[in-house]
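> Dropping a structure here in structure tokens format, bear with me for questions.
The values are calculated or read from the model by the stated rules, or taken from the named source; none is laboratory data. What you are looking at is a predicted structure, and each value in this text was computed from that prediction instead of being measured. Cβ coordinates were reconstructed from backbone atoms using ideal geometry, including for glycine residues, and neighbour counts include every protein chain displayed.
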Amino acid sequence: MIRHRPYGSGHPYATTEDQRVPAVPVDGEAVELRVRASANVVAVACEWTADDAAPLELPLTRREADAADGGSADGGHLAAAQARAARAVAGSWAVRTPVLRAGRRYSYRFRATMADGGVRTGRWFEVSSASWSDSGGKLHVSGADRVVPGTVRWLADGDGILRVRFELALGPGEHVVGFGERFDAVDQRGRRLDAVVFEQYKSQGEHARTYLPMPFALVVGGAASWGWHVDTSRRTWYDVGATTPGRVLVEAETGPDGELGLRFYDGDAPAAILRGFLGDVGRPVELPSWVFRLWASGNEWNTQERVLAEMDRHREHGIPVGALVIEAWSDETTFTAFRGAEYEPSEDPHRLADYTFPPDGPWPDPKGLVDELHRRDVKVLLWQIPLQKMRPHPRHQAAVDARQLVERGYGVREPDGRPYRNRGWWFPLALMPDLSAPEVRDWWTAKRRYLVEEVGVDGFKTDGGEHAWGHDLRYADGRDGAAGNGLFPVHYARAFGDLLESCGKAPVTFSRAGFAGSQPHGVFWAGDEDSTWAAFRSSIRAGITASACGIVYWGWDLAGFSGGVPGAELYLRAAGASVFMPIMQYHSEFNHHRTPIRDRTPWNVAAQTGDDRVIPVFRRLAELRERLVPYLAEQARQAVGGGAPLMRGLFFDHPRDPGIWRYPLQYKLGDALLVAPVTEPDMPEVTVYLPEGEWIDVWTGAALTGGGEVRLPAALDRPPVVCAAAHWTRLTSVFTD
């Protein structure tokens, strides 16, 4: 048995053991042809022919394992995927072809010799090399055209246009911010990156990869601000002055028609540029003020007793909490039923009365739990995954759901019509509902309606969303995988937002993945990260860049969610910064209930570190957050209404101040507050850059004059924050203990 997939798994950053490398060759390149063979194959050969010429016989050799194949992993749910990739490479064979030339079409197939002497021959594959030219497609430009004349080039192979490439000019003082949520830098000038939805599990700051990309950027710092949006959901690439100083090299996949839209925006300020972009892709909507209170979560809070115990601890320690995210609530085969519930499987959506909750089970009274939390003024969100698990083989209600998804054609499809099976590392081989179709969104969310209407939950953590791999998948809305995969997380959050609104609730979803068009759909967090100072810094960059693309409601797992419990200083510095971010929440990864536990609750961090400052300092910060809620709600309303983002880099308000770029982690929170996070250990005071204007130290009331650097004290319970003097009167009471 041998297997060859010309495009591999569809992983955007790694090749696989059975693909063609490169999958799309350019004129003058040879390609490596790989196959995966079973253990009883002793030899593999390739028949290779150009046009109608006589075939060449190309013998394949066994490949050596390569750690890059299948993508790098870093523990957690990627460890098993890395092990599978290593095993697969052990059965991989490869050969390098002759050089390919444009204008010719090549065919190839493989022949395997078995240990018993038998020979098996596979089917034919075709490939042609692509070449760049100055014609062939159409670039539709709107706004003031900034494309450098003569730089538009088109890549085509024997089947048509594949990509377009063009250049934009950058002035010497211009900085480039955006491209969605970015962890590696705020200013992308001098860097290379792309825009494709991807689950980069941890260490995001070390990679130019993100869950939440957008083909949009702001250019600030010159005589006037401007921006651009490559109007596509397909993959795009950017070389922002890295190869050619003063030029942005843009490359984008095209559809079969070889056309691409490109929009330019000009305005008096960056906020005007952003308004233009949001007018095209969708504006954020206002969410209720409770989202600005402290969110609490732990992946091991998997019983009603444990949840109430943790909420009791908040009350005992006087730490106000406004929202609870329960991750480990479901049976994790349906993501619709509470674990331990007894019920009969059904073709129709269940109602609460269909379930029996044993009194000695993990969730004896889910509605009673939610009612009690509501009495405590705590909102409740439940975790979701947009997959139908198929491992282990589905039983009971999961079997019904899987059968419906297949028989009704409700899944994302392979090119041959078969249901797509998740190629990613999380829940491998699961089915994926095609949420591009309204009918499927309604069917999928109807199974969860009772959770809102009857149990009373207030939102959903719409986790995942990065599981669609493959350029040739098929969606019900007519898109292929190249155009549809990036939009999957947009449809996903939209589906649950629509469910909540249909039940009279605000559309509070909590997502990590998205794309252009995600702005109207709920709250976002920065994804999975370790508890390190480096991750702290990269998460701040993520918040600044996400907001520059119109994400209003954004947060992160303060001090990280993975690995050992953070030290007290890192935890409190992260909490102090999170007080001054749109969403303040803590969360911890599943650790198999081993001790010491890894909850990021202040009492557990205090217990694990032995630092008696943790609880009282965290309490003071949480109390401050409560007092900030009215200000945050007011400023979010302005942002939603077309103003500057709630959390925003200083370049929004001071685009032509060159000094701000020396302090890229400083940001504004609304119109009044300038925040200088302390992102290094052992910093009793910090240097803060103040733009022109009059400022007030919120802790001392001291007047400060902008236009340069100042030194500010940085107590753990008083993170460095200044207020624009014009707004100080109305905020004075917020900073009074």
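> Given the condition under 30 Å from LEU646 (Cβ atoms) and either surrounded by fewer than 21 Cβ atoms within 10 Å (Cβ to Cβ) or in the same structural domain as GLY178 (by TED's automatic domain parsing) (or both), answer yes or no: does some residue in region 357-370 qualify?
No, there is no match, as no residue in region 357-370 is under 30 Å from LEU646 (Cβ atoms) and either surrounded by fewer than 21 Cβ atoms within 10 Å (Cβ to Cβ) or in the same structural domain as GLY178 (by TED's automatic domain parsing) (or both).
> Can you confirm whether region 248-266 contains a residue that is under 21 Å from GLY641 (Cα atoms), surrounded by fewer than 21 Cβ atoms within 10 Å (Cβ to Cβ) and touching a residue at least 24 places away in the same chain (Cβ under 8 Å)?
Yes - at least one qualifying residue is present in region 248-266.
This table checks each residue for (1) in contact with an Asp or Glu (Cβ under 9 Å, 6 or more places away or on another chain); (2) exposed (fewer than 15 other Cβ atoms within 10 Å of the Cβ); (3) outside the structural domain of VAL164 (by TED's automatic domain parsing).
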{"site": "GLY282", "(1), (2), (3)": "no, no, yes"}
{"site": "GLU305", "(1), (2), (3)": "no, yes, yes"}
{"site": "GLY322", "(1), (2), (3)": "yes, no, yes"}
{"site": "GLU347", "(1), (2), (3)": "no, yes, yes"}
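> Then there's this: Just wondering, is there one or more residues in region 450-473 that are part of a helix (DSSP H, G or I), closer than 30 Å to LEU352 by Cα, at pLDDT 95 or above and among the polar types (S, T, N, Q)?
no
> Now, a different point. Of the conditions (1) buried (at least 18 other Cβ atoms within 10 Å of the Cβ); (2) over 24 Å from GLY180 (Cβ atoms); (3) among the hydrophobic types (A, V, I, L, M, F, W, C), PHE651 clears all except one; give me its number.
It is condition (2) that PHE651 fails.
> Does region 1-52 hold any residues that are in contact with a Phe, Trp or Tyr (Cβ under 6 Å, 6 or more places away or on another chain) and among the aliphatic types (A, V, I, L, M), and which are they?
Matches in region 1-52: ILE2, ALA23, VAL35, ALA37, VAL44, ALA50.
> Under the condition of being part of a strand (DSSP E or B) and in contact with a helix residue (DSSP H, G or I) (Cβ under 8 Å, 6 or more places away or on another chain), which residue from region 156-181 is nearest to ARG104 (Cα to Cα)?
Out of the qualifying residues, it is PHE179.
> Just one of LEU628, LEU632, LEU716, LEU669 is at pLDDT 95 or above, in contact with a Ser or Thr (Cβ under 9 Å, 6 or more places away or on another chain) and not basic (Lys, Arg); which is it?
Only one candidate passes the filter, namely LEU632.
> Could you say whether any residue in region 270-289 is in a strand (DSSP E or B), farther than 27 Å from ALA337 by Cβ and touching a helix residue (DSSP H, G or I) at 6+ places or on another chain (Cβ under 8 Å)?
no
> Okay, next question. Across region 377-400, which residue is nearest to TYR410 (Cα to Cα) among those that are touching a helix residue (DSSP H, G or I) at 6+ places or on another chain (Cβ under 9 Å) and surrounded by fewer than 15 Cβ atoms within 10 Å (Cβ to Cβ)?
Out of the qualifying residues, it is HIS393.
> I need the full set of residues from region 301-331 which are at pLDDT 95 or above, in a loop (DSSP other than H, G, I, E, B) and farther than 17 Å from ASN591 by Cα, in order please.
Within region 301-331, HIS317, GLY318, ILE319, PRO320, VAL321, GLY322 qualify.
> Quick one: count up the residues across region 341-376 that are outside any loop (DSSP other than H, G, I, E, B) and out of contact with any helix residue (DSSP H, G or I) (no Cβ under 6 Å at 6 or more places or on another chain).
Adding up the residues that qualify gives 10.
> Here is a follow-up. Is there any pair linking a residue in region 655-671 that is in the same structural domain as TYR631 (by TED's automatic domain parsing) and surrounded by fewer than 18 Cβ atoms within 10 Å (Cβ to Cβ) to one that is modelled with pLDDT under 95 and not hydroxyl-bearing (Ser, Thr, Tyr), with Cβ under 8 Å and at least six apart or on different chains, and which?
none
> Can you name every residue in region 566-589 that is under 20 Å from GLY555 (Cα atoms) and assigned to a loop (DSSP other than H, G, I, E, B)?
Across region 566-589, the qualifying residues are PRO566, VAL579, PHE580, MET581, PRO582, ILE583, MET584, TYR586, HIS587, SER588, GLU589.
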